[in-house]
1. Give me the distance between the Cα centres of region 110-169 and region 1-69, rounded to whole Å.
2. Go through (i) 1.55; (ii) 0.97; (iii) 1.19 and flag the label whose value is the computed Cα Rg over 2.2 N^0.38 Å for this structure.
3. Assuming R0 = 30 Å, can you tell me the calculated FRET efficiency for the pair S4 and F153, based on Cβ-Cβ distance, to the nearest 0.05?
4. As an exercise, identify the GluC sites (Glu not before Pro) in region 110-162 lying in DSSP coil whose Cβ has no more than 13 other Cβ atoms within 10 Å.
5. Mean separation of Cα pairs under 8 Å and 6+ residues apart, divided by the residue count of the chain: what relative contact order is that in percent?
6. First measure r as the distance between the Cβ atoms of N134 and A74, then evaluate 1/(1 + (r/R0)^6) with R0 = 22 Å and state the FRET efficiency to the nearest 0.05.
7. Note down the nm distance, to one decimal, between modelled labels 7 Å out along Cα→Cβ at Q60 and at W47.
8. With only Lys, Arg, Asp and Glu charged, each at its Cβ (+1 for the first two, -1 for the last two), find how big the charge dipole of the chain is about the Cα centre; round to the nearest 20 debye.
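Please treat every number below as a calculation from the coordinates, not as lab data. These numbers were taken from a predicted model, which means no experiment stands behind them. Methodologically, a virtual Cβ is constructed for each residue, glycine included, from the backbone with ideal geometry; neighbour enumeration extends over all protein chains shown.
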Amino acid sequence: MIISTLQTPRLDLVPPDVTCDSAYLRFYTDPDASAAYGGPLSPHAVWSRLTYDLGSWHLQGFGVWALRRRSDAAIIGVCGFWQGRDWPRELTWWLLPEARGQGYALEASRAAVEHAYGELGWAAVNTYCADTNNAAIALISRLGGMKIGRQAFPDGEDRNVYQIPRPAA
């Protein structure tokens, strides 16, 4: 499978590969940074997560891209789509702490959402998050997300589900 590379004004969204290992380690072993993503994880579990993120493209036809900042080629996070066993597909993202608050998640999410509607032909792009994840809720709002329901998830938690519209041209 050929995984598309997407470009935004400041980022290249590239397929995850071994060059992402140090960013994944920094993010997933940091208890504060990775709390909303099941962290902290052991280094072995982090490697499994990276290989899962690449394998998702081959098994499901979608996945996350690594966010490579053009100004210095640093991997600063990921953005794209995730769907675990028995979970609904979702738009997802994470950024290293020093990359937060600079608009990278919004920029990358818009590119990923446009790709889903335009290239993948999806009828809808949804996301969900914990009720206490204020940063994610703010980003969903900036993306124009609308609450379309609330549902129970396989981990026993109830979450709001939001639909993200196609970005304006």
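1. Comparing the Cα centres of region 110-169 and region 1-69, I get a distance of 19 Å.
2. (ii)
3. Between S4 and F153 the formula returns 0.55.
4. Listed in order of number, the matching sites are E119, E157.
5. Value for the chain: 17 percent.
6. 0.25
7. For the pair Q60/W47, the computed spacing is 2.3 nm.
8. Charge dipole, the chain, about its Cα centre: 380 debye, nearest 20.
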